[in-house]
Amino acid sequence: MGLTIGVDIGGTKIAAGVVDEEGTILDTHKVSTPSTPEGIVDAICAAVSEAGKGHDVEAVGIGAAGYVDDKRATVLFAPNIHWRHEPLKDKVEQRVGLPVVVENDANAAAWGEYRFGAGQGHDDVICITLGTGLGGGIIIGNKLRRGRFGVAAEFGHIRVVPDGLLCGCGSQGCWEQYASGRALVRYAKQRANATPENARILLSLGDGTPDGIQGKHISDAARQGDKVAVDSFRELARWAGAGLADLASLFDPSAFIVGGGVSDEGELVLDPIRKSFRRWLVGGRYRPHAQVLAAQLGGKAGLVGAADLARQG
Ligand SMILES: [Zn+2]
């Protein structure tokens, strides 16, 4: 199969891209994300039609945040869009006249990294995406593992702290409450409150108050050596690395790939993740260690991965 289209549904933009067999994006078309569930379906179809103009496209892969069923057709539940048992595959197929595969967005991103990014050459890869929350993907034996019902790899909602912080999912102590972009902001606010003298750079980038701290301020301040910002990244990394050690106990991969906006900071966050991973890896002195690698495709991983999954059929 030749060209396919991958679709990434973001909070502000929906992107459709024509992708070739090497994972190269040949053409993209972006539209604003509408506010209604039906509007989003319309926008996906419009973006696919526009991106595909002038290309001989054979299939479409859509990465959607949420639970996607085992047939890769229906979004069972989406946290940010009011999709409940939404038959997305059927709706889009009818409109664009091409075969459609729907995939969880973190799974799609994991597949993109495995095929064309940091996971190349590995057969067994576990991906985590440190974005606003924490997503994941499982590739074992060169196959994307989706579970019996299609909803595996929701690592962000493993409970790591009994009776811990309340999570948006309704549970308490979920991993993503401790290792995610949202957690990073919380750490920075707490530390800036407790020791403002160590957060001078960080506080100068926002409105001067701990409450005004945003994720981008923490990244900028950390690069300038702000102690609170750097320590906040380290705290996040401790939780992330400890969780990877648990995932090694479950999956024994040869590589972990860390993606998402938080991982854009590179070694600032990856180095302490590796340290924490080694610290908590059971039997670490007597077993091979998985590599902990930074994702390579950035924000394109989901689109490229969805397109490739559509190609594989
Ligand atoms: Zn949760």
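The values are calculated or read from the model by the stated rules, or taken from the named source; none is laboratory data. For clarity, every value in this text was computed on a predicted model and none was experimentally measured. Here Cβ is always computed from backbone atoms with ideal geometry, including for glycine, and neighbour counts include all displayed protein chains.
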- Item | Residue pairs meeting the criteria (Cβ under 8 Å; at least 6 apart or on separate chains; first assigned by TED's automatic domain parsing to the domain that holds Leu134 and over 20 Å from Leu130 (Cβ atoms), in the stretch 162-177; second of a type in the set (Val, Ile, Thr) and within 7 Å of the ligand (Cβ to nearest atom)) | none
- Would you please name the residue that is farthest from Phe116 (Cα to Cα), looking only at residues in the stretch 130-170 that are at pLDDT 95 or above and touching a Lys or Arg at 6+ places or on another chain (Cβ under 6 Å)? Ala152
- The lone exception for Gly164 - which of (1) within 16 Å of the ligand (Cβ to nearest atom); (2) assigned to a helix (DSSP H, G or I); (3) not aliphatic (A, V, I, L, M) it fails: (2)
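Could you tell me whether any residue of the stretch 183-202 is within 16 Å of the ligand (Cβ to nearest atom), on the phi < 0 side of the Ramachandran plot and either among the small types (Gly, Ala, Ser) or surrounded by 17 or more Cβ atoms within 10 Å (Cβ to Cβ) (or both)? Step through it out loud before you land on a result.
So in the stretch 183-202, the residues within 16 Å of the ligand (Cβ to nearest atom) come out as 183, 186.
If we keep only those that are on the phi < 0 side of the Ramachandran plot as well, we get 183, 186.
Filter again for either among the small types (Gly, Ala, Ser) or surrounded by 17 or more Cβ atoms within 10 Å (Cβ to Cβ) (or both), leaving 183, 186.
Checked the stretch 183-202: at least one residue is within 16 Å of the ligand (Cβ to nearest atom), on the phi < 0 side of the Ramachandran plot and either among the small types (Gly, Ala, Ser) or surrounded by 17 or more Cβ atoms within 10 Å (Cβ to Cβ) (or both).
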